[in-house]
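Colleague: Before I ask anything, let me first share the structure, which is written out below as structure tokens.
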Amino acid sequence: MRKTDINKFNNDPSNSNAFSYKPDGNIRATAFLKSFFVVILRVLLSLFAIGAITAVLILLSLRFYVLSLDDDNIALNLSNAKLALTSFVYVNDENGVPQEYQRIYNSENRIWIDFSDIPKHMTDAIIAIEDKRFYDHKGVDWVRTTGAITNLLKGSQSYGGSTLTQQLIKNVTDDNEVSLARKLREIFRAIHLEQKYSKDEILEAYLNIVNFGGGCRGVQTAANLYFNKNIQDCSIAECATIAGITQNPTSYNPINNPENNKKRRETVISEMLEQGKISQSEFEQAMQESQNMTFKSSGTNSNKNNSTATIHNWYVENLFRDVVNDLCVKYNIGKTAAEEMLFTHGLKIYSAMDSNAQSIVEASLKDKSIMPQSSDLEIGYIMMGFDGRILATVGCREEKTGNLWYDRANVAKRQPGSTIKPIAVYAPAIDFGLYNYSSLIPDQPLQIDLDGSGNLRNWPNNWYKSYKGHVTLQWALEKSANAPAAQVLNNLTTYKSYEFLTNKLGFSSLDSSDASSLAALATGGTHVGVTVREMVAAFQIFGNGGNYCKPFSYFYVTDNEGNVILDNRNNIPTKAISSSTATIMNRLLRQVIVGAEGTGKAANINGWDIIGKTGTTTDDFDSWFIGESPYAVAGIWTGYDNPKRITETAAAVRIWKHIMTEYLKNKPAMDFAFDPDVAEYTYCKSTGNLANTACPNTAVGYYASSNVPQNCYAHYGKAENLLSENQSNEEETVENSDETIDAANISEEPVENSIDATIDSDGQ
């Protein structure tokens, strides 16, 4: 019965789809679509959430970015630009009281003219061609700005869209970077500026600051230059001529490119007519005048060579450069804008110059007894305190008779040669605990691929044309040996050396190729070179307990209202090496001056503890000396601007000694401060270990308590005493022990490779 019923049901045409495949497919399709839309909805909700979060983050970023622009007030102070206030440099006298030293003022061709004295035709012309909605927007023309940002995103290098307010900001800040970030900065600055100043004030500043070619800033000097008249007397066509220059001051210069300017000014005149700023008759008259316009190459107020301009000495010129660079960094402005601030904003700069030291250095340049005989052999010199204060500097050997001369002390980059060894090799190697004062080092070449050819060769050669087997670290530095320095650096690694120089000692002249170069860091064959300033600043660490202080040429700077805008008085040092390493390196560098093999013996000054390092480069193209007294560190480079062999390599040390001797006159005696953890021990020159009574050749070394060498077992005898009076009882027990050395433990290898044995064999 049940089976029959089922069969009947299945055969019923009216119910043929009840359990068929088709209705099952519909169910599945419906379920699939439902799931699909759920997934899509979830994706959309996720995207919405991500977008919302992103928007919040962007808004927060923009908020902080806007807040970061508060410092722009100093750069966007239009009243300062109008006043063109004189700035002042102060130098402390012998009592530390600041005294006016020099005044700074702008010598460019610019005459400020008040808005009321600028003819309406001039303002109409500039608005017509540059920003026709100037009086309608709030600093930004959003229609043009949207197009500009679109062009930027497409990769265009010229995206335009700037209002007169934005153009003014570019001229004031010199911020010309082609980037979205710059465009955003410009937008926010424009909005901020229009909140602070009226439209007429902004337009007045624009017409007085913008470049109109030919060395002119502002419409008044442009009228003087091109038409030999004042702007008040210029016609519509003449105003259009001036207005047309701003887009490209070179291409549209009416004197140099008259045809380009003609097309541009007639475009300006046409825009003035179209915008209803002139009548049809004025248009026709201006176009007629445009056909036969003539220009003057000079006018009543044209730019002239100021023969009475103040000549800045080397220190002041370096001071200007430092102030400009620091203004650029702190206020996110360009170099031109920073220079504008320096010359026109009434700044007061409290210089760090030691006037006595500067006078000594400048007088030394005139002393023929110490200066090189070759008149074109140049010098670069800097003296610095151990707090980073630049005391004196000169950028060449000649008496300075002009400004903006090439500075061979603070700007020029030359290979440092062996002067780099203490800072790139030995100091970090000792500080890492890899070596001590008297560690034995192989004086033999490495086999390396110097040129990337795949061929190994022996490198480096020593200047004394031989290899000594094994030498102590002290002897290697005193002798300025190349091979031991390369061996130490190879063990230390170039990476650690490069990181030490760039991160701890402030070197910015080194490039990425130097980071992996043994030649650059072991022997000073850097790719680009370094400055004297960088080298002197780095050597500070050997005289001040291992602290690096960023060099500075001014204490602080105030604006015209007395507000401090730049400040170096809290120049916080950073620890580059430990105090104990600094003491050890100090004593190592002392041996360069007083050691029997010392390359810097000519720098020694009677009665003073002098330390230092010489350096020459390949083929004697450069000669250096970086030296220190307890009062100051100083460095000098000598060489030719077009590199060639120096025959007077001793000149660097000679000049250095003369200047430092004069500087130290009448100064009270003072010693370097040494780390109390460093003690004196007698060591065996053959093994580098602590000496005993049988060691044939000994010397005094300096060691941190954590890195004292073991006793010498190569010679039979009693242990020597400590030379330091501060040794511990434990050290006294060890050093004064009467215990004899087992002859079976004596190794002859260190003796065979000793300094003394090899020196004797080479007749050195």
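Colleague: Could you grab me the full set of residues in region 604-647 that are of a type in the set (Gly, Ala, Ser) and closer than 27 Å to residue 668 by Cβ?
Modeller: 607, 612, 627, 629, 632, 634, 635
Colleague: Any residue at all in region 503-518 that is closer than 21 Å to residue 317 by Cα and in a strand (DSSP E or B)?
Modeller: Taking every residue of region 503-518 in turn, none turns out to be closer than 21 Å to residue 317 by Cα and in a strand (DSSP E or B).
Colleague: Sort through 428, 442 and tell me the only one that's touching a helix residue (DSSP H, G or I) at 6+ places or on another chain (Cβ under 6 Å), touching a residue at least 24 places away in the same chain (Cβ under 8 Å), under 30 Å from residue 517 (Cβ atoms) and surrounded by fewer than 24 Cβ atoms within 10 Å (Cβ to Cβ).
Modeller: 442
Colleague: Suppose the filter is over 25 Å from the mean Cα position of the chain (by Cα), not assigned by TED's automatic domain parsing to the domain that holds residue 612 and not small (Gly, Ala, Ser); does residue 518 pass it?
Modeller: no
Colleague: Follow-up. So the check is Cβ under 8 Å with 6+ separation or different chains; which pairs have a first residue in region 135-153 that's surrounded by 12 or more Cβ atoms within 10 Å (Cβ to Cβ) and a second one that's modelled with pLDDT under 75 and of a type in the set (A, V, I, L, M)?
Modeller: 149/180; 152/178; 152/180
Colleague: Which members of region 238-251 meet the condition of being more than 14 Å from residue 287 (Cα to Cα) and in contact with a Ser or Thr (Cβ under 8 Å, 6 or more places away or on another chain)?
Modeller: The answer is 244, and nothing else.
Colleague: Let me ask something else about it. State whether the residues of region 422-441 include one that is in the same structural domain as residue 501 (by TED's automatic domain parsing), farther than 30 Å from residue 678 by Cα and among the acidic types (Asp, Glu).
Modeller: So far as region 422-441 goes, no, none of its residues is in the same structural domain as residue 501 (by TED's automatic domain parsing), farther than 30 Å from residue 678 by Cα and among the acidic types (Asp, Glu).
Colleague: Regarding region 519-533, can at least one residue be identified that is on the phi > 0 side of the Ramachandran plot, surrounded by fewer than 24 Cβ atoms within 10 Å (Cβ to Cβ) and part of a loop (DSSP other than H, G, I, E, B)?
Modeller: yes
Colleague: Among the residues of region 419-435, are any within 23 Å of residue 526 (Cβ to Cβ) and part of a strand (DSSP E or B)?
Modeller: no
Colleague: Can you give me the ranges of the strands (runs of 3 or more DSSP E) entirely in region 339-402 with at least 3 residues that are of a type outside the set (Lys, Arg), out of contact with any Phe, Trp or Tyr (no Cβ under 6 Å at 6 or more places or on another chain) and under 23 Å from residue 505 (Cα atoms)?
Modeller: 378-384, 390-394
Colleague: Being in contact with a helix residue (DSSP H, G or I) (Cβ under 8 Å, 6 or more places away or on another chain) and over 28 Å from residue 96 (Cα atoms) is the filter; apply it to region 354-382 and report the residue that is modelled with the lowest pLDDT.
Modeller: Across region 354-382, the extreme among qualifying residues is 372.
Colleague: When you check residue 360 against the structure, is it surrounded by fewer than 20 Cβ atoms within 10 Å (Cβ to Cβ) and among the aliphatic types (A, V, I, L, M), yes or no?
Modeller: Here the answer is no, as residue 360 does not meet what is asked.
Colleague: Right, residue 464: out of contact with any Phe, Trp or Tyr (no Cβ under 6 Å at 6 or more places or on another chain), at pLDDT below 95, within 30 Å of residue 325 (Cβ to Cβ) and not charged (D, E, K, R) or not?
Modeller: The answer is no for residue 464.
Colleague: Considering 716, 631, which residue is at pLDDT below 95 and part of a loop (DSSP other than H, G, I, E, B)?
Modeller: Unique residue meeting the criteria: 716.
Colleague: What number of residues within region 541-561 are more than 23 Å from residue 317 (Cα to Cα) and either under 20 Å from the mean Cα position of the chain (by Cα) or at pLDDT below 95 (or both)?
Modeller: The total comes to 4.
Colleague: Looking at region 339-348, is at least one residue under 17 Å from residue 624 (Cα atoms) and modelled with pLDDT under 95?
Modeller: No; the residues of region 339-348 include none that is under 17 Å from residue 624 (Cα atoms) and modelled with pLDDT under 95.
Colleague: Another question, if that's okay. Mind listing just one residue for me: the one in region 597-637 that is buried (at least 24 other Cβ atoms within 10 Å of the Cβ) and of a type in the set (Asp, Glu) and, of those, farthest from residue 538 (Cα to Cα)?
Modeller: 622
Colleague: List the helices (runs of 4 or more DSSP H) inside region 180-292, counting only whole elements, that have at least 1 residues being over 41 Å from the mean Cα position of the chain (by Cα) and crowded, with 16+ Cβ neighbours inside 10 Å.
Modeller: Fully inside region 180-292 and qualifying: 219-227, 236-243, 258-274, 280-291.
Colleague: Restricting to region 365-410, and then to whatever is surrounded by fewer than 22 Cβ atoms within 10 Å (Cβ to Cβ) and hydroxyl-bearing (Ser, Thr, Tyr), can you tell me which residue is nearest to residue 641 (Cα to Cα)?
Modeller: 406
Colleague: Same structure, new question: So is residue 688 over 29 Å from residue 369 (Cα atoms) and crowded, with 22+ Cβ neighbours inside 10 Å or not?
Modeller: Judged against the criteria, residue 688 is a match.
Colleague: Could you count how many residues in region 648-704 are touching a residue at least 60 places away in the same chain (Cβ under 8 Å), touching an Asp or Glu at 6+ places or on another chain (Cβ under 8 Å) and either of a type in the set (Lys, Arg) or over 16 Å from residue 475 (Cα atoms) (or both)?
Modeller: Matching residues across region 648-704 total 6.
Colleague: Consider residue 410 carefully, then state whether it is of a type in the set (S, T, N, Q), in contact (Cβ under 8 Å) with a residue 40 or more places away in the chain and out of contact with any Gly (no Cβ under 6 Å at 6 or more places or on another chain).
Modeller: For residue 410, the condition - of a type in the set (S, T, N, Q), in contact (Cβ under 8 Å) with a residue 40 or more places away in the chain and out of contact with any Gly (no Cβ under 6 Å at 6 or more places or on another chain) - is met.
The values are calculated or read from the model by the stated rules, or taken from the named source; none is laboratory data. The shown structure was predicted, so the numbers you read here are calculated from the model rather than taken from an experiment. Here Cβ is always computed from backbone atoms with ideal geometry, including for glycine, and neighbour counts include all displayed protein chains.
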